[in-house]
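What follows is a set of notes on a single structure, which appears directly below.
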Amino acid sequence: MSRNILMLCYYFPPLTDVGAKRSVSFSKYFKKFDWNPWVLSVKNPDRAYCSIGDDIPPPGIPTEYSYSVINLFRLMGRLNGVLLKALGLIRIDLKRNYFYQFLCIPDHFWGWIPLTVIKGLGLVRRNKIDLIYVSCTPISSAIAAVLLKWLTGKPLIIDYRDPFAVEIVFQYLDVPGFRRKIDRRVQKWILKHTDVFIVNNEETKTIYLREYPEAANKTFAVHNGFESEYLIQKKPEKYRKFTVVYHGEFYFYAIKSKIFFEALSLLKQREKITADTFQFLFYGDGKGEIEGIAANYKIDDLVQASSRIPYKAVLEVISKSHLQLLRIVWPMISTKLFEGIPMNIPFLATIPHGEVEEIIREYSPSSYVVSEESSEKVAEAILDAMRKYQGNEIHDNRVQEFIKRFSRENLTLKLMEIIERRLTDKGSKIEDR
């Protein structure tokens, strides 16, 4: 059955943030499987927060843009800075940015809501839209989508790339009590008006079923997956030095553990690795923090930290490396998991037990999972990997099995089936085009 679907995606080309990848793939495969997507994204993204490149939307995907009437991220930081200086004169130290807590509800993207609703309403009417889909974060996009549903009566699919208003997120971000209550009210309001609620892994789904049981019959999991077109067909030669690679966000705000760097320090002290035989390559935000940690542990000769580089370049670096370091902010699943297994690179995963560990053990037999807070265990894993590479004992990942389950093309089909089944169960009346 063909559907016309309006996709509200703040993160979409030319934005290059990782949040754009999921929406780009869904739009492309909706089109391939006979749905007709129209994308509405932001014309003037918050440059203080977002990464803007020269990417373009997928061919054949109509994409329009609406303006945000205000971008708040930098402004909230400046106002907080002025307040901190003033309070510092009387020796008062604030631990939170209360401008953000009071003025950015549900987040600092709410300036995108008004003109997006107006433009979205026009797109729904002109293109005979059947369904409204929204990718979150930002949660402000979900509010715009709910308002569009009110105005048009069209079924609403909300897709959370990241969890919002659940206890684990409140703990990670140290959210004050009054904001927790507000965010939970916003979440309940959004879920009340949602027809299909998508999260991106099974553990997050379990959390929502526990904390928002009223939405149980509309909550489903669709993983992030991997875009098969980025597979490197020819197996490249590995770096001369044994190389561990990491790219993207290092999650300093949520993961305090430094056992990986402690392990490198131990190996260097024991003369098991040197700058001639080993390197850790980092590409992403937080370059300065990584360099500072390396200097503190006296392993700066082993660590090369760089800013972000283009996605295809990252994949090439990964393919030439020996291990990919994996850290996750539970219950989220890093896109690095879905990139690394098809690239046939073993992981060094310092992660808690759970869904990610199960996926790694099923599809990547030569990976290492360290769930203890033990730098000794990490050091042992690195030495074992070095030995196995030298002895040609590294086993290939089960790439084809993984792609069959987690390719974005197949996951888009899964999403479409969930939507059709849910709307049929609800008895929704949408004309077959």
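Computed quantities for the displayed model
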{"item": "Sorted by Cβ density within 10 Å, fewest first, the residues Tyr297, Tyr11", "result": "Tyr297, Tyr11"}
{"item": "Pairwise centroid distance, computed over Cα atoms, of segment 351-398 with segment 117-181, Å", "result": "38 Å"}
{"item": "Long-range HN-HN contacts of Asn36 with modeled amide H, under 5 Å", "result": "Arg3, Asn4, Ile5"}
{"item": "C-alpha center-to-center spacing [segment 1-68, segment 75-101] in angstrom", "result": "36 Å"}
{"item": "Segment 228-405 shape via C-alpha gyration tensor axes, a/c threshold 1.5", "result": "rounded"}
{"item": "Under 5 Å, built H, 5+ apart or other chain: amide partners of Phe242", "result": "Phe278, Gln279"}
{"item": "Exposure proxy ranking, count of Cβ atoms within 10 Å, fewest first, for Met1, Met416", "result": "Met1, Met416"}
{"item": "Top of Glu211, Glu291, Glu237 by mean-square fluctuation, Gaussian network on the chain, Cα under 10 Å", "result": "Glu237"}
{"item": "Proxy reagent accessibility, fewest Cβ within 10 Å first, across Cys104, Cys9", "result": "Cys104, Cys9"}
{"item": "Semi-axes of the equivalent ellipsoid for the chain, Cα gyration tensor, largest first, Å", "result": "38, 28, 20"}
{"item": "Degrees, to the nearest 10: 202-211 long Cα axis against longest axis of the chain", "result": "50 degrees"}
{"item": "Estimated vicinal HN-Hα couplings, Hz - segment 54-67 in sequence order (Karplus 6.51, -1.76, 1.60; Gly, Pro = x)", "result": "10, 5, 10, x, x, x, x, 9, x, 10, 10, 9, 10, 7"}
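FYI, it's all coordinate maths here, none of it is from the lab. Given the structure is predicted, the values throughout are model-derived calculations rather than measurements. Reconstructed Cβ throughout: ideal geometry from the backbone, glycine too, with neighbour counts over all protein chains shown.
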